[in-house]
Amino acid sequence: MKFIHTSDWHLGRQFHNVSLVDDQRIVLEQLIDYIKTERPDAVVIAGDIYDRAVPPLAAIELLNDAVEKICRDCQTPLIVIPGNHDSAVRLGFASSQMQSSGLYILSEPADYLTPVVLTDREGSETAFYGIPFLDPELARATFSQSFSQHDDIYAFLCEQIKQEISPERSNVLVAHCFVDGAEESDSERPLSIGGADRVNYQHFSGFDYVALGHLHQPQYRGEETVRYSGSLMKYSFSEQHQRKSVTVVEFSEPSQPPQLTVLPLKARRDVRVIEGYFDQILETGKSDPHYDDFIMVRLFDKHAILEPMERLRDVYPNVLHLEKPGMLRDLDEPLIKPELAHNEMDMFRDFFSQIHGDPLSEAQSDVIQQVIKNLRREQEDKQ
């Protein structure tokens with residue numbers, strides 16, 4: 001059995017108010033090409049197909065197109081579970097009727113003991129068990145158990161599934177959760193507060209492979225077969241150094257470890273953080289071959305800069321966020337009046353030179369300095 005593990009598509013996502021639908025379409029085309037060349041027996045999406053419970057029309061159309069290409073054109077079964085960003089009810093609409101077309105949406109928590117069993121070209125069977133995203137409140141109502149945190153849910157459900165699995169076939173668990181100790185990113189929505197969302201990876205022992213979703217960094221925890229495929233794209237600047245991919249999982253025979261192959265995904269635009277001084281960044285941007293990337297700029301300048309975003313977008317049109325750590329002063333440092341006056345004067349000098357192109361003359365500096373003194377005297381009189 002050979003299948004492709006992917007997760008966290010987040011279709012319809014906006015990145016700093018910029019729609020990513022067109023970028024997601026390009027990455028999905030790469031996935032379709034992999035399906036055509038690798039010829040897997042199935043494709044797995046481990047949750048967060050959409051970015052929100054009520055997705056925009058463009059995201060629905062994009063998913064519909066992807067499903068048609070995978071299930072109809074490539075004749076490849078697609079196994080899906082909802083994640084915490086999805087609405088399980090909406091995603092699971094008419095799911096039983098869709099199974100005849102090769103689309104398996106495992107959205108009902110109560111069906112966790114009913115796997116999708118697929119047979120490969122050699123006649124070997126693989127069972128795919130799905131645990132859709134569950135919070136403790138929903139899990140308590142569904143299973144009549146006194147769950148208090150996510151770890152309790154997986155301890156219970158995994159134990160129940162292990163009692164049903166057959167050693168004569170490969171057994172795969174598809175789940176959407178936060179495995180304790182794994183590396184998170186800024187773009188993931190917390191499942192709960194106070195660490196109650198963490199799940200011990202040891203609950204997954206006994207499965208031949210665990211296809212995880214939720215965390216966007218491709219990684220494994222505990223055993224290499226307890227694995228996050230990672231998101232399709234970079235969805236935050238904290239992910240700038242991550243390499244996005246999908247994972248090909250291939251079983252040679254039941255009860256034997258699978259062979260894992262990572263296939264890279266390349267987005268139309270990269271996500272980068274650029275640090276430095278304003279003038280240097282502008283100069284570098286003029287010859288940067290990847291000027292069209294999504295950019296966050298972190299400035300080291302300690303003085304005010306007029307219209308920095310507009311000027312940066314002249315060379316980097318997709319600057320989405322600007323930070324100015326150089327202008328942050330130590331909050332523990334006492335704010336004495338001579339320093340405050342000096343800072344105000346420096347800021348006005350910078351402002352004047354950027355507007356007029358020339359520095360303040362000595363006479364102009366004397367006038368402005370006197371104005372600052374008069375304003376401060378008036379403020380003190382009012383107090």
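Mind telling me which of the residues Ser236, Ser229 ends up being under 12 Å from the mean Cα position of the chain (by Cα), crowded, with 18+ Cβ neighbours inside 10 Å and either under 20 Å from Arg39 (Cα atoms) or polar (S, T, N, Q) (or both)?
Answer to the check: Ser229.
Scan the stretch 50-66 and give yes if some residue there is of a type in the set (S, T, N, Q), crowded, with 19+ Cβ neighbours inside 10 Å and modelled with pLDDT of 95 or more, otherwise no.
Within the stretch 50-66, the subset of a type in the set (S, T, N, Q) is 64.
Checking which are crowded, with 19+ Cβ neighbours inside 10 Å leaves us with none.
Within the stretch 50-66, none of the residues are of a type in the set (S, T, N, Q), crowded, with 19+ Cβ neighbours inside 10 Å and modelled with pLDDT of 95 or more.
Let me spell it out: the conditions are (1) of a type in the set (D, E, K, R); (2) in a helix (DSSP H, G or I); (3) at pLDDT below 85, and Asp358 meets all of them except one. Which number is the exception?
That leaves (2) as the condition not met.
Determine, yes or no, whether Arg272 is under 20 Å from Val44 (Cβ atoms) and either part of a strand (DSSP E or B) or in the same structural domain as Asn84 (by TED's automatic domain parsing) (or both). So that I can check it myself, show each step before the final result.
Details: under 20 Å from Val44 (Cβ atoms): no; either part of a strand (DSSP E or B) or in the same structural domain as Asn84 (by TED's automatic domain parsing) (or both): yes.
When the stated conditions are applied, Arg272 does not pass them.
Looking at Ser238 and the list (1) within 23 Å of Ser19 (Cα to Cα); (2) assigned to a loop (DSSP other than H, G, I, E, B), which single condition is not satisfied?
Here Ser238 clears every test but (2).
Can you find even one residue in the stretch 182-190 that is in the same structural domain as Ser87 (by TED's automatic domain parsing) and either on the phi > 0 side of the Ramachandran plot or at pLDDT 90 or above (or both)?
First pass over the stretch 182-190, keeping only residues in the same structural domain as Ser87 (by TED's automatic domain parsing): 182-190.
Next, only the ones that are either on the phi > 0 side of the Ramachandran plot or at pLDDT 90 or above (or both) stay: none.
There is no residue in the stretch 182-190 that is in the same structural domain as Ser87 (by TED's automatic domain parsing) and either on the phi > 0 side of the Ramachandran plot or at pLDDT 90 or above (or both).
For residues in the stretch 125-137 being part of a loop (DSSP other than H, G, I, E, B) and touching a strand residue (DSSP E or B) at 6+ places or on another chain (Cβ under 7 Å), which is nearest to Asp208 (Cα to Cα)?
First, the residues of the stretch 125-137 that are part of a loop (DSSP other than H, G, I, E, B): 132-135.
Imposing the further condition that a residue be touching a strand residue (DSSP E or B) at 6+ places or on another chain (Cβ under 7 Å) reduces the set to 132-133.
Numbers: Pro132: 19, Phe133: 21 Å.
Checked the stretch 125-137; the qualifying residue nearest to Asp208 (Cα to Cα) is Pro132.
Would you confirm whether any residue within the stretch 78-99 is at pLDDT 95 or above and over 25 Å from Pro136 (Cα atoms)?
Yes, because at least one residue in the stretch 78-99 is at pLDDT 95 or above and over 25 Å from Pro136 (Cα atoms).
If the requirement is being more than 18 Å from Leu134 (Cα to Cα), among the basic types (Lys, Arg) and under 22 Å from the mean Cα position of the chain (by Cα), which of these qualifies: Arg72, Arg25?
Working: Arg72 fails: under 22 Å from the mean Cα position of the chain (by Cα).
Among Arg72, Arg25, only Arg25 is more than 18 Å from Leu134 (Cα to Cα), among the basic types (Lys, Arg) and under 22 Å from the mean Cα position of the chain (by Cα).
So, of the residues in the stretch 117-144 that are within 29 Å of the chain's Cα centre (by Cα) and small (Gly, Ala, Ser), which turns out to be farthest from Lys2 (Cα to Cα)?
Ala139
Might you check whether a residue that is outside any helix (DSSP H, G or I), free of Cβ contacts under 8 Å to residues at least 12 places away in the same chain and of a type in the set (Ser, Thr, Tyr) occurs anywhere in the stretch 139-161? Even if it seems obvious, please write down each step before you answer.
Of the stretch 139-161, the ones outside any helix (DSSP H, G or I) are 144-149.
Retained after the next criterion (residues that are free of Cβ contacts under 8 Å to residues at least 12 places away in the same chain): 144-147.
Of the ones still in play, those that are also of a type in the set (Ser, Thr, Tyr) are 144, 146.
Within the stretch 139-161, one or more residues are outside any helix (DSSP H, G or I), free of Cβ contacts under 8 Å to residues at least 12 places away in the same chain and of a type in the set (Ser, Thr, Tyr).
As an exercise: evaluate Leu91 against (1) farther than 14 Å from His10 by Cα; (2) in contact with a Pro (Cβ under 6 Å, 6 or more places away or on another chain) and give the number of the one condition it does not meet.
The failed condition is (1).
Regarding the stretch 86-99, can at least one residue be identified that is β-branched (Val, Ile, Thr) and either over 21 Å from the mean Cα position of the chain (by Cα) or surrounded by fewer than 21 Cβ atoms within 10 Å (Cβ to Cβ) (or both)? Walk me through how you get there before you give the answer.
Step one: filter the stretch 86-99 for residues β-branched (Val, Ile, Thr), giving 89.
Checking the rest, the ones that are also either over 21 Å from the mean Cα position of the chain (by Cα) or surrounded by fewer than 21 Cβ atoms within 10 Å (Cβ to Cβ) (or both) come to 89.
Yes, the conditions are met somewhere in the stretch 86-99.
Search the stretch 273-293 for residues being closer than 27 Å to Ser245 by Cα and in contact with a helix residue (DSSP H, G or I) (Cβ under 8 Å, 6 or more places away or on another chain), and hand back the single one that is surrounded by the most Cβ atoms within 10 Å (Cβ to Cβ).
Ile274
Could you identify the single residue in Lys244, Lys266 that is modelled with pLDDT of 95 or more, in contact with a Ser or Thr (Cβ under 7 Å, 6 or more places away or on another chain) and over 20 Å from Lys2 (Cβ atoms)?
Numbers: Lys266 fails: in contact with a Ser or Thr (Cβ under 7 Å, 6 or more places away or on another chain).
One residue alone meets the criteria, Lys244.
For Glu188, only one of the following conditions fails: (1) part of a loop (DSSP other than H, G, I, E, B); (2) among the acidic types (Asp, Glu); (3) surrounded by fewer than 18 Cβ atoms within 10 Å (Cβ to Cβ). What is its number?
Status for Glu188: all satisfied but (3).
Return the residues of the stretch 302-349 that are of a type in the set (Val, Ile, Thr), at pLDDT below 80 and surrounded by 11 or more Cβ atoms within 10 Å (Cβ to Cβ); say none if nothing qualifies. Outline the logic, then answer.
Residues of the stretch 302-349 of a type in the set (Val, Ile, Thr): 305, 315, 319, 336.
After this cut, where a residue has to be at pLDDT below 80 as well, the list is 336.
The answer is none; no residue qualifies.
The values are calculated or read from the model by the stated rules, or taken from the named source; none is laboratory data. Here the structure is a predicted model, which is why all the values come from computation and not from measurement. Neighbour counts are summed over all protein chains in view; Cβ atoms, including those assigned to glycine, are modelled from backbone coordinates with ideal geometry.
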